[in-house]
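Encoded as structure tokens, the structure appears first; notes follow it.
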Amino acid sequence: MLNQLTISELTAKLAKREVSSRAATQACLDQIARVDGQVHAFLNHDAADALAQADAADKAIAAGATHAQQPLLGVPIAVKDVIAVKGQPLTCGSKILGKFISPYDATVTEKLRAAGAIVFGRLNMDEFAMGSSTENSAFGVTRNPWDTARIPGGSSGGSAAAVAADECIATLGSDTGGSVRQPAANCGCVGLKPTYGRVSRYGLVAFASSLDQIGPLTKDVRDAATMLKVISGHDQRDSTSLPEAVPDFSASLGHSIKGMKLGLPKEYMIGGLDPEVKLAVEAAVAQLTKLGAEIVEISLPHTDYAVATYYIIATAEASANLARFDGIRYGARVDGADPIELYSKTRGAGFGAEVKRRIILGTYVLSSGYHDAYYLRAQKVRTLIRQDFLKAFEQVDAIVAPTTPTAAFKIGEKSEDPLQLYLGDIFTLSCNLAGICGISVPCGFTKSPKLPIGLQLLGRPMGEATLLRVAHAYEQGTGWHQEKSPLARG
Amino acid sequence: MAAPNLDVKYVAHLARLQLTPEEEKKFGEQLGHILEHIEKLNQLDVSSVEPTAHAVPLVNVTRRDEVTPSLPHEDAMRNAPAKRDGLFIVPKIVE
């Protein structure tokens, strides 16, 4: 069952020549064949290409290549269908891209390849990453491996479900308002959103450019550290990429968290928080105290304004970014008598309901007469939200919170009420608005049905090493991350 | 309730987005609820607050103005829905 291994377990076996990358890759392909009909995490995958990459990795290992040089050598990694992989389809979960084939690799794809990974498979997502349930994909919903009647979270639902069902070793997702952390929480895996600017966005199809970051979804915290190290770094093709050195995140693991100060935002433990989620987070806080951390109550006074701020800024940026999908240079086209009619018809036929709603909202808040009242005001409130966090980080090393107010809900339960769905993002959105980093780690289960619950840790800008250190210390004291979903168990 | 100032049909035209009458009605209602929620931001006094466009302290990022390899023409054209002689074909723009 090589598909069940973590990156560190698999690379240890590969290094000792106990197993081959081909066998590990084949195990993932077999698991996909066995369970993906029920999960639908993958939109497509190229088995022959994956095995060819695996054979090349095996050859490199035989020739003496090491995991010290290439930390992911021989490890099968799948990516969300919003990240470009040269020669592979790219749909963003939308019909509007038609039969688009990526002409180039995203920077993260190049980095995965350089690290020796087997980059294979396109993972399902909410269309253009707009959603929290993966129900907005034009190609069908992804199901939660813990309970296939439920959503896997979103928008990186395919990325989380694939890890939870052991269909691959680790995946990449993207996080604009919680789209890595929330599905990780819903599916019981680890999901990391790096600091804005830590990971290059070149080759990531833009949703909201000032909020988007690519992040890993993994089976444990150590793997998240390994993946982050591989994908991070300055890239001159992304002008918002930060010219900061990339630390060895794995080196920060295993150190005590004794004496560290962790903040518990009082605004996060009220209203709408499911009692079982609250209990699990409280138990996690008690565990962190036992490990020697000092818990301090903090205040993030503008929390209540985050959803409104986010849905102005994100939709405004999306309406501009998605203007490029006009049927002229790539993607599907519906002909019209003149260019305007061609654009309108193409976009009307190509985009799904949620994307259309957000384009309308985003266009409205930017339109003449409303720009200052909505967009400019939201940018100012964004400053206040960012200041809340920076002030809190003067006092504490990291912030502890739930990732989501509830465990995974049922498919179809909230699809007719977008506002209710948006309000579920309350604990994750602020991290993107503030540009800080965050991670979700498993912290327990609801009783009946048994569904995963996520603990969220939020860190200073460029504070991933601290975040991973706390998350790892917590994880080592619990067994939550080792529990397997019914579909993974086989 | 539809938002008082949101004319979905007009905004959809600005966005070059064709909607069905059903979509116009449904989005009007749903966006009305969302705009009501957004009104919350008016409770805050932001008169002395600077806006944040993005959270990273970088300005005027440039690179050296040097010729480097870029995407070959035929690769850039490969996904075009209609093309001829290395050009995109579009409906007539100028009479």
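The values are calculated or read from the model by the stated rules, or taken from the named source; none is laboratory data. Only a predicted model underlies this, so the values are computations on that prediction, with no experimental measurement involved. FYI the Cβ positions are ideal-geometry reconstructions off the backbone, even for glycines, and counts take in every protein chain you see. In case anyone asks, the SASA skips ligands and DNA or RNA and just uses the protein heavy atoms, side chains included. Shrake-Rupley method; radii C 1.70, N 1.55, O 1.52, S 1.80 Å.
So for the stretch B:58-78 (the condition being in contact with a Leu (Cβ under 9 Å, 6 or more places away or on another chain), at the interface with chain A (Cβ under 7 Å from one of its Cβ atoms) and within 30 Å of A:PHE100 (Cβ to Cβ)), does at least one residue qualify? No, the stretch B:58-78 contains no residue that is in contact with a Leu (Cβ under 9 Å, 6 or more places away or on another chain), at the interface with chain A (Cβ under 7 Å from one of its Cβ atoms) and within 30 Å of A:PHE100 (Cβ to Cβ). With respect to the stated conditions, A:ILE340 fails to be under 27 Å from A:ASP425 (Cα atoms), at the interface with another protein chain (Cβ under 7 Å from one of its Cβ atoms) and among the aliphatic types (A, V, I, L, M).
Filtering the stretch A:286-318 to residues that are crowded, with 20+ Cβ neighbours inside 10 Å and of a type in the set (A, V, I, L, M, F, W, C) leaves A:LEU288, A:ALA293, A:ILE298, A:LEU300, A:ALA306, A:VAL307, A:ALA308, A:ILE312, A:ILE313, A:ALA314, A:ALA316, A:ALA318.
Has the stretch A:434-453 got any residue that is modelled with pLDDT under 95 and either within 16 Å of A:TYR268 (Cα to Cα) or within 14 Å of another protein chain (Cβ to nearest Cβ) (or both)? Checked the stretch A:434-453: no residue is modelled with pLDDT under 95 and either within 16 Å of A:TYR268 (Cα to Cα) or within 14 Å of another protein chain (Cβ to nearest Cβ) (or both). Here the helices (runs of 4 or more DSSP H) wholly within the stretch A:1-80 that include at least 1 residues being in the same structural domain as A:THR171 (by TED's automatic domain parsing) and of a type in the set (Ser, Thr, Tyr) are A:7-15, A:21-39.
Has the stretch A:98-106 got any residue that is among the hydroxyl-bearing types (Ser, Thr, Tyr) and under 20 Å from A:PHE128 (Cα atoms)? Yes, the stretch A:98-106 contains at least one residue that is among the hydroxyl-bearing types (Ser, Thr, Tyr) and under 20 Å from A:PHE128 (Cα atoms). For A:ARG347, the conditions (1) surrounded by 20 or more Cβ atoms within 10 Å (Cβ to Cβ); (2) over 30 Å from B:GLU74 (Cβ atoms) are fulfilled apart from (2). Does B:GLN43 qualify as being out of contact with any Ser or Thr (no Cβ under 9 Å at 6 or more places or on another chain), without any contact (Cβ under 8 Å) to a residue 24 or more places away in the chain and more than 7 Å from chain A (Cβ to nearest Cβ)? For B:GLN43, the condition - out of contact with any Ser or Thr (no Cβ under 9 Å at 6 or more places or on another chain), without any contact (Cβ under 8 Å) to a residue 24 or more places away in the chain and more than 7 Å from chain A (Cβ to nearest Cβ) - is met. Only residues that are closer than 19 Å to A:ALA165 by Cα and either in contact with a strand residue (DSSP E or B) (Cβ under 9 Å, 6 or more places away or on another chain) or open to solvent by less than 30 Å² (accessible area, probe 1.4 Å) (or both) were counted across the stretch A:1-28, and they come to 9.
Looking only at residues of the stretch B:71-95 that are assigned to a loop (DSSP other than H, G, I, E, B) and open to solvent by 100 Å² or more (accessible area, probe 1.4 Å), we find that the one that is farthest from A:LEU390 (Cα to Cα) is B:GLU95. Could you check the stretch B:11-38 and list, in sequence order, the residues that are polar (S, T, N, Q) and in a loop (DSSP other than H, G, I, E, B)? If the condition is that a residue be polar (S, T, N, Q) and in a loop (DSSP other than H, G, I, E, B), then B:GLN18, B:THR20 are the ones that fit.
Residues in the stretch A:94-105 that are under 19 Å from A:GLY158 (Cα atoms) and crowded, with 24+ Cβ neighbours inside 10 Å: 1 in all.
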